[in-house]
Amino acid sequence: MVCFSPLDGRAVTYTESILELTGNGLYCARGDFYVDPWRPVDRAVITHAHSDHACPGSHGYLAARRGETLLRVRVGGDASIEALDYGETVSLGGVRVSFHPAGHILGSAQVRIESGGEVWVVSGDYKREPDPTCAAFEPVACHTFVTESTFGLPIYRWPPEAEVFAEIRNWWAANQQAGKASVLFAYSLGKAQRVLSGLADAPGPIYTHGAVENYCRLYREAGIALATTTHAGAAPATTDWSRALILAPPSENGTPWMRRFGHLSTGFVSGWMRIRGARRRRSLDRGFVLSDHADWPGLLAAISGSGASRVWVTHGYRAPVVEWLKQQGLDAQAIETRFEGEQDETGAEPAAEAEP
Ligand SMILES: [Zn+2]
Ligand SMILES: [Zn+2]
């Protein structure tokens, strides 16, 4: 649209942005919908079922079909959810909307938004490493890419997944030899299932905290192969835990729930474990570096793979990513959202974890 400057009356071309940041979250006025709003709205387009992206109470939801069941657990069984296959397009007020795999957790999606020949992609949370529990990240060409930056510092680089699983198995075997239970903390939706997928051929026994077990059931119903697990809470009091691996949410670290396991060793599966101090501060015996978020090279590769000339950086270490992108000549800016990165045991992302 053309406006006239109040200063000198000259005509200036003004292009209304396809997405804008409002108090409820990212809003598309042309299509009258929000992407991952943090308050209930009329129409919410959802990238994935983690709580910082899927808020209950909205009038209607639009999501990728592969994530519909998990979203329903998050926003309530009677919520109105419309589901689309990956790659399928709908028109919302003339704006074309489609979902594309983000590789983060089961059903996670990037949202592609097209209007008047201009394309935006809101990537939610994502990773580019292969993960058997979800569809692989798909690069989607766009003019503006909205990205997270949870691990947006060059120190965050993920080792190959096979190495990490070998470390977990070795730690577990050593604990068995020493007669100790192996209590492994992993975020209950997504990370725990990825770990159990990587241990699918392990001899066991593997037990789970109830929160982990509930999501495992939904993953298995979706056809994802996981190691056989038993709900620890349902195990008899006489259970010998000394050979067991027990998967639990990080919030259980140091709580009375752990007393039943007797002599034990603790480990935490998280991208934050890349930093030695992060493990020591949590009094953990072991840290295993495995994340459902992109590492530094992964962020840069996803951004450049989108071909975008403009980038909005939503959460995490935003400043270093914005700075790096500006140096590459991109129009990059940090925006203030309520999304969270990989959670630690307090349910929040740690403050600066800067250790060289
Ligand atoms: Zn997430
Ligand atoms: Zn998130």
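Annotations for the structure displayed:
- When Rg and the Kirkwood Rh are both derived from Cα coordinates, the Rg/Rh ratio for the stretch 161-288 amounts to 0.93.
- Residue with peak Gaussian network fluctuation, the chain [Cα springs, cutoff 10 Å], from Gln333, Gln110, Gln177: Gln177
- GNM result for the chain, Cα springs below 10 Å: residue of Val41, Val111, Val183 fluctuating most strongly: Val41
- The label point for Asn170 and the one for His59, both projected 7 Å from the Cα toward the Cβ, are 5.8 nm apart.
- Using equal-weight Cα scatterers in the Debye expression, the normalised intensity of the stretch 123-184 in log10 at q = 0.13, 0.22, 0.30 Å⁻¹ is -0.59, -1.04, -1.25.
- In the context of the full set of protein chains, residues of the chain present 42 Å² of accessible surface per residue (probe radius 1.4 Å, heavy atoms only).
- The modelled label-to-label distance between Glu336 and His143, using points 7 Å beyond Cα along the C-beta direction, is 2.7 nm.
- DSSP bridge orientation in the chain - percent antiparallel, rounded to nearest 5: 40
- Hydrodynamic estimate: the Kirkwood radius of the stretch 97-206 over Cα pairs, inserted into Stokes-Einstein at 4 °C and 1.567 mPa s, corresponds to D of 79 µm²/s.
- Put a plus charge on the Cβ of each Lys and Arg, a minus charge on the Cβ of each Asp and Glu, and nothing anywhere else: the dipole of the stretch 230-300 about its Cα centre is then about 320 debye.
- Helix runs (DSSP H) in the chain reaching 20 Å along axis by Cα, Kyte-Doolittle at least -1.0: 161-177
- Label-reachable residues, the stretch 282-318, where backbone N falls under 18 Å from a point 7 Å from Glu163's Cα toward its Cβ: 286-299
- Residue separation of Ala237 and Arg280 scaled by 0.36 nm, minus their Cα-Cα distance, works out to 12.3 nm of gained length.
- Inter-part distance, the stretch 265-315 to the stretch 66-138, computed on C-alpha centroids, equals 22 Å.
- When the convex hull of its Cα atoms is viewed from all sides, the chain shows a mean projected area of 19.5 nm².
- With at most 14 neighbouring Cβ atoms within 10 Å, loop GluC sites (Glu not before Pro) (DSSP) excluded, longest segment of the chain: 89-335
The values are calculated or read from the model by the stated rules, or taken from the named source; none is laboratory data. The shown structure was predicted, so the numbers you read here are calculated from the model rather than taken from an experiment. When we count neighbours, we look across all protein chains shown, and the Cβ atoms used for this are built from the backbone with ideal geometry, even at glycine. Note: accessible area is taken over every heavy atom of the protein model, side chains too, but ligands, DNA and RNA are not part of it. Shrake-Rupley method; radii C 1.70, N 1.55, O 1.52, S 1.80 Å.
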